[in-house]
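Written below as structure tokens is the structure these notes are about.
The values are calculated or read from the model by the stated rules, or taken from the named source; none is laboratory data. Note that the structure is predicted; figures quoted are calculated from it, not measured. As a convention, Cβ positions derive from the backbone with ideal geometry for all residues, glycine included, and neighbour counts pool all protein chains shown.
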Amino acid sequence: MSGSLRDEAVGLLQALIRLNTVNPPGNETIAAHVLRDYLGAHGVECELYARAPDRANLVARIPGGDGPSLAFLSHTDTVVADPSEWSRDPWSGDLADDHVWGRGALDMKNQVAASAVAFASLARDGFRPAGDLVFIAAADEEVGKRFGLEWLCEEHPEAVRVDYAVNEGGGERVELGGSAYYLCASAEKMTAPFRLRVHGRSGHASMPGIADNALVKAAPLIQALGAYRPEPEVGPEIEAFLATVLGEPPPPEQVLARLAEVDALAVELIEPLLSLTLSPTIVAASERRNVIPATCDVTVDCRLLPGKTPEDVEPIIRGVLNRTGVGEGDYELEFLERWGGTRSSMETPLWEAIEGWVDATEAGAKVVPVCCAGFTDSHWLRAAFGTVAYGFFPMRTMDPELAARLIHSADERVHVDDLELGVEFLRELAQSLA
């Protein structure tokens, strides 16, 4: 790739990081305006779609023929950053030691910038895709209050309906047992948090014997949820991963032991993808030190395997709780929402194109599917239109374990070589599908 495209991507990423789009409140319109100005300077027309004036989504399009359409999917909001925890200002966009620093450098303004530069450069080259090539820079992915892609799919489906999409959630290069693999997320777990409301009886804190402390009663329930380890299941994505890495998938109960023989990183990757996960995260009880609480609310982050629903797992969760000795009449369990849990086929021209790029970029390396443990906007396209959506933005210079620790954390940064690699991949992907 020419040095000018590399510099273009670095400069655009720095400009985007310097915009505070922490969600909430988001304020993604400022990022949409920067992207619109950049793309417009290269002859690309854009449309802004906003449910609220400061929460704009940007959509750009290079018209194609009757072939399959492809979207470069991204989001412009970020999570919060505490400057006191950082070595550099999280909105500085500093370029130091070949890294661009700042909140969003990995999640995911790097991919926003690379997508915009790949898109603009293809337009400048006079590229005409087989089907429409679409660039989506969505708002509100981090919180999901219906200002972003979910809202676009419902209110402006004509703008974002595509056959294929590449998004965040994969692309890391990992070495397992001496072999190189690039992870491609073809599915994601469902996020289905629930609230556990434990009931007791209030009273003065100086006389605990005459009350029934709901907070104390909640303690064994919290401990049981945190300690529970479900029976493992192997879905199609993990089965294909195991077949590639191990030669053949072992029985579910032997998966982690077999992967441990290959590499500890493989265990970290696959362990949360074998079952539902339960993580108690928030507790709320009395608002006064001297009042024993009559109720205690425990919020639990719950992630389900693709294809599973809260109705499928609620009996399992209640079984875990009831084994503590706390009676079912002493608590209520309410699921708060359900997002994700979708998957795309791995037998598609888009998968073949990604495999072709990896093979041409690094001989001997293989693409392996994974299921994203978290939520991404790919779900909305899959659910609304049946879009084949993969998480794949290649990264081979930064250590994947370091990158995983930096996302949503302090000192987030991206190596410029990985930013350049992303631009190359997106350009070649669009051309190969054409």
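A few remarks follow.
- Only one of the numbered conditions (1) more than 26 Å from the chain's Cα centre (by Cα); (2) assigned to a loop (DSSP other than H, G, I, E, B); (3) among the hydrophobic types (A, V, I, L, M, F, W, C) is not met by ALA219, and that is (2).
- ALA389 vs. criteria in contact with a strand residue (DSSP E or B) (Cβ under 7 Å, 6 or more places away or on another chain), in contact (Cβ under 8 Å) with a residue 60 or more places away in the chain and either farther than 20 Å from ALA187 by Cα or in a loop (DSSP other than H, G, I, E, B) (or both): no
- Filtering LEU5, LEU12 for residues that are part of a helix (DSSP H, G or I), among the aliphatic types (A, V, I, L, M) and either surrounded by fewer than 21 Cβ atoms within 10 Å (Cβ to Cβ) or not assigned by TED's automatic domain parsing to the domain that holds LEU133 (or both) leaves a single hit, LEU5.
- Long-range neighbours under 7 Å by Cβ, at least six apart or interchain, first residue free of Cβ contacts under 8 Å to residues at least 60 places away in the same chain within the range 55-69, second of a type in the set (Phe, Trp, Tyr): none
- Options GLU150, GLU168, GLU141: the member that is modelled with pLDDT of 95 or more, surrounded by fewer than 22 Cβ atoms within 10 Å (Cβ to Cβ) and not assigned by TED's automatic domain parsing to the domain that holds VAL313: GLU150
- Residue among ARG413, ARG396 that alone is crowded, with 23+ Cβ neighbours inside 10 Å, assigned by TED's automatic domain parsing to the domain that holds ALA71, modelled with pLDDT of 95 or more and in contact with a Leu (Cβ under 9 Å, 6 or more places away or on another chain): ARG413
- Some residue of the range 187-209 being in contact with a Pro (Cβ under 6 Å, 6 or more places away or on another chain) and within 27 Å of GLY67 (Cβ to Cβ): yes
- The range 29-124 holds strands (runs of 3 or more DSSP E) entirely within its bounds, and those carrying 1 or more residues that are more than 30 Å from ASP411 (Cα to Cα) and in the same structural domain as ARG146 (by TED's automatic domain parsing) map to 46-49, 57-62, 70-75.
- Close Cβ contacts (under 7 Å, 6 or more residues apart or on different chains) running from residues in the range 205-222 that are among the aliphatic types (A, V, I, L, M) to residues that are in a helix (DSSP H, G or I) comprise LEU221/LEU321.
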